[in-house]
Ligand SMILES: Cc1ncc(COP(=O)(O)O)c(C=O)c1O
């Protein structure tokens, strides 16, 4: 094979200036870790650094790095058929088999999928399908999407509009009209009003009902929610929240889109995040963990009721939606093999057990360092807040970034999200010893920052 890519650190550092890196000012992309190879939870840089990836990439490398089965699956599939159009009249075996595997997997009423290449596209598909559904149901005025603060649903125009973090909007004049944001059930810092005797879950559910009534139920198409909010600040909802949300949405004929892009495929210690609350979705977006990042893939599952509306359309009413790479043969083959690995290696159960270990380690750090508070998580989706003072709960964003930088200098990759939360979402295959190393390295970073 004559093809090769340089591993010379200085050359790569110079040429890296020719690409943009997402979500950061270019000036903060100093001394990047140029990852040449990785195994398990370990990243190896071209400058000789070795780092424990406490984030599994971007919450997605569920089976861990360096798996040697998936490259074989991809190669075999690419040798037969890497890609073909999935538009009318053509399809391929891996996408068919993966669709069949996903049917009923998340919920008995979700049996039909449309594939995309990532989570933003999955949510765009969900929004367009919701608009389509209500038009076909004779209610074209139902077009508003209700979302929550601290939500992250992606970066394309509609997905970023559904995202509930101002930092993602202000440079682009977003959100688009029709996206409404309400308080999320953040039990540590709830930003809505709470009535006497109400729980945060009840107050946040009431905020949804009030928003539907304020906007007019005849204009509200759907409510979108991550089971556990991730990139916006890692918020685990109280148990009473989602059952109330389902009741309210049923009452006002509002569809529910569950965004499982992070939670799906084991991350929270159950196969899907919605399993924790027995939530029935009308649509479900997924991406990330479906291939553990080995190839790009996402998708949107739709309920049988929505599927019937698409199937019963006249030619003029066709669901005119589609991506070139939908049902990509190699990506779907890798997705199938990745799900088989998650099942065979019992990684969902490992995520549950290692998540408990991680959470108790983080709680020990809370006992030791007054700046650490609000330790929370489900499975291997955990976070801690860095605060100036526990009694006032005042956030310390600068210190959170300093701790994250000190951790990186100590060989631990974490991510500051939602301002002052340090998030941890390592591979679901992480070992007990590696969990303990996360805690040790984070402890040293907290010590160093002081
Ligand atoms: C919950 C959630 N939804 C959607 C997305 C968007 O996915 P992508 O970056 O693949 O477009 C993300 C990405 O982090 C996410 O966390």
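Read-outs throughout are calculated quantities, based only on the coordinates presented, and are distinct from any laboratory measurement. Bear in mind the structure is a predicted one, so any value in this text is a computation, not a measurement. So basically every Cβ, Gly included, is an ideal-geometry build from the backbone, and we count neighbours across all protein chains shown.
Would you compute the Debye intensity of segment 321-450 from its alpha-carbon atoms alone, equal scatterers and no solvent, and pass along log10 I(q)/I(0) at q = 0.12, 0.14, 0.15 Å⁻¹ to two decimals? Each listed q maps to, in turn, -0.54, -0.67, -0.73.
For segment 178-293, count all C-alpha to C-alpha pairs, find those more than 22 Å apart, and express that count as a whole percent of the total. Everything past 22 Å amounts to 32 percent.
Annotation for residue 87 and residue 109: the two label points, set 7 Å from Cα along the Cα-Cβ direction, are 3.3 nm apart. Peptides 414-422, 209-217 ranked from most to least packed give 414-422, 209-217, packing being the mean of other C-beta atoms within 10 angstrom over each peptide's residues. Considering only 331, 205, 82, the Gaussian network model of the chain with Cα springs below 10 Å gives its largest mean-square fluctuation to 82.
Under the rule of -39500 (n - 2.57) per DSSP H run of 4 or more residues, summed and divided by the residues of the chain, what mean residue ellipticity at 222 nm is obtained, to the nearest 500 deg cm²/dmol?
So the calculated ellipticity at 222 nm is -11500 deg cm²/dmol.
Relative to the current alpha-carbon distance between residue 11 and residue 343, full extension at 0.36 nm per residue lengthens the span by 115.4 nm. This ranking places 301, 23, 339 by how few other beta-carbon atoms lie within 10 Å of each, fewest first, which gives 23, 339, 301. The order of the peptides 285-297, 390-402 by mean Cβ neighbours within 10 Å, most packed first, is 285-297, 390-402. Apply 1/(1 + (r/R0)^6) to the Cβ-Cβ distance of residue 137 and residue 97, taking R0 = 51 Å, and write down the FRET efficiency to the nearest 0.05. Rounded to the nearest 0.05, the efficiency is 0.95.
Comparing 219, 46, 129 in a Gaussian network model of the chain, where Cα atoms under 10 Å apart are tied by springs, the biggest mean-square fluctuation is seen for 46.
Taken over the chain, the alpha-carbon convex hull comes to 154 cubic angstrom per residue. Placing a label point 7 Å from the Cα of residue 317 along the Cα-to-Cβ direction, the residues of segment 112-146 whose backbone N falls under 16 Å from that point are 129-142. A Gaussian network model of the chain, with springs between Cα atoms under 10 Å, assigns the largest mean-square fluctuation among 276, 153, 21 to 21. Cβ-to-Cβ counts within 10 Å put 14, 434 in ascending order as 14, 434, the fewest first. Taking other Cβ atoms within 10 Å as a rough exposure proxy, 220, 254 sort from fewest to most as 254, 220.
Once the Cα-Cα distance is subtracted from the 0.36 nm per residue extended length, the residue 35 to residue 305 segment shows a gain of 92.7 nm.
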